[in-house]
């Protein structure tokens, strides 16, 4: 028997599963339970939740100065929570069931209180009710290209609308003082240069980059006199990165291939990879680091930039299918630094020599991207991206900012080599 659904005006051909919400007696019963759990959890957070009937849920006497979460369709919101948990929470924003004047502030409050949102007895049952990642999205060689394509091949023009002139899509490194759009490009260059310095990249260096992006690191390494091989699985990134490299005058010293990291051959004095390990998946971390070990020259250095999370959180969530997996980054998994150190010590000759935390720098980077994206909504629409996509993308950027601002997430520059002792 088919479960009842309440239809909306959302196009189900574009957004399957988002166009309706569960209905019927069972769905209403589950939604009522989800509503009670949500109100109880929100009441303990630094947040003000407003309902159409005038009800307000918030943290005591400070409710009037807290970030506002406005529930527009409480029945649909509760039904999506009951049906999809945290995935339903994000889908409810996409569908317009709730909104917020300062979305990142609301999501930061949730991220800061994440350990108390779900009662502990239910947390222990996570594996029973949380969806697992689909087999078709695990980071195998067969799946990796489609996983990457779903995000990075959306449109180069889309990314150009909210990234700075360097087209760098990872955490910048600011140098203090006021942080605004005018500082972003130089902060991105500073981040790249720090990684290249850490890897010892200079004249004659044979450099491998895993995960090309749109070519900024290739260009800056080539300016130092390095020869660069970079690999990506995004056809759109490869095309634009090659064009940017050629325009910068480095086509003779930079090669950008459409290739899985596991298929790379050769020997390299330095390997640099910026926020690519997140796409590997925890089942393939051993393969990833074994590949780096195989490709690195005996005296070489690896410099990574990686989004990380606390080890216990990583263990608890690594097999869970999340809103980010479903809509933004299929197949991904954020490592912990403890996991990286364990995998490399057990399965490679590489050892972690340096860890540099940059979490708040990422929060500011994401804030600037989010503000730029929001301000250019009409141009995003002109590229053919509908209102739900735009809400989804804003939620993704704000959700990510909240993760770093609350310290639920961090981003690290990690240096590895085969030295025998501490530096």
Note to self: Let me understand the chain better: what is its radius of gyration from the alpha carbons, and its Dmax, in angstrom?
What the structure shows: 22.4, 70
Notebook entry, point to check: What list do you get for 179, 56 if you sort them by fewest beta carbons within 10 Å?
Noted result: 56, 179
Notebook entry, point to check: Between residue 360 and residue 53, what length comes free when the chain is fully extended (0.36 nm per residue of separation minus the Cα-Cα distance, one decimal in nm)?
Noted result: 106.7 nm
Next item on the list: Report the antiparallel proportion of the DSSP beta bridges in the chain as a percent, rounded to a multiple of 5.
Entry: 50
Margin query: Using only DSSP helix segments of four residues or longer, with each worth -39500 (n - 2.57), what per-residue ellipticity at 222 nm results for the chain after dividing by its residue count and rounding to 500?
Written below: -13500 deg cm²/dmol
Margin query: Please compute the volume of the convex hull spanned by the alpha-carbon atoms of the range 184-309 and report it per residue in Å³.
Written below: 110
Check: Cα axis of helix 235-247 to longest principal axis of the chain: angle in degrees, 0 to 90, nearest 10?
Finding: 40
Note to self: So for each of 382-393, 274-285 I average, over its residues, the number of other beta carbons within 10 Å; can you give me the resulting order with the highest mean first?
What the structure shows: 274-285, 382-393
Check: What is the extension gain from residue 44 to residue 99, computed as 0.36 nm multiplied by their sequence separation minus the C-alpha to C-alpha distance, in nm to one decimal?
Finding: 17.8 nm
Next item on the list: Give me the angle, in degrees from 0 to 90, between the Cα long axis of helix 359-375 and the longest principal axis of the Cα atoms of the chain, rounded to the nearest 10.
Entry: 70
Next item on the list: For residue 150 and residue 383, compute 0.36 nm times the residue count separating them, minus their Cα-Cα distance, and round to one decimal in nm.
Entry: 82.2 nm
Next item on the list: Sort 354, 267, 216, 50 so that the residue with the fewest other Cβ atoms within 10 Å of its own Cβ comes first and the one with the most comes last.
Entry: 267, 354, 50, 216
Next item on the list: Any chance you could give the angle, 0 to 90 degrees and rounded to 10, that helix 103-112 forms with the longest Cα principal axis of the chain?
Entry: 90
Margin query: Can you sort 75, 197 from fewest to most other Cβ atoms within 10 Å of each residue's own Cβ?
Written below: 197, 75
Next item on the list: Using a 10 angstrom cutoff on alpha carbons, build the Gaussian network for the chain and name the most mobile of 410, 175, 35.
Entry: 175
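Each reported figure results from applying straightforward, stated rules to the coordinates on display, with no laboratory input. Only a predicted model underlies this, so the values are computations on that prediction, with no experimental measurement involved. Heads up, the Cβs are rebuilt from the backbone with ideal geometry, glycines too, and the neighbour counts pull from every protein chain shown.
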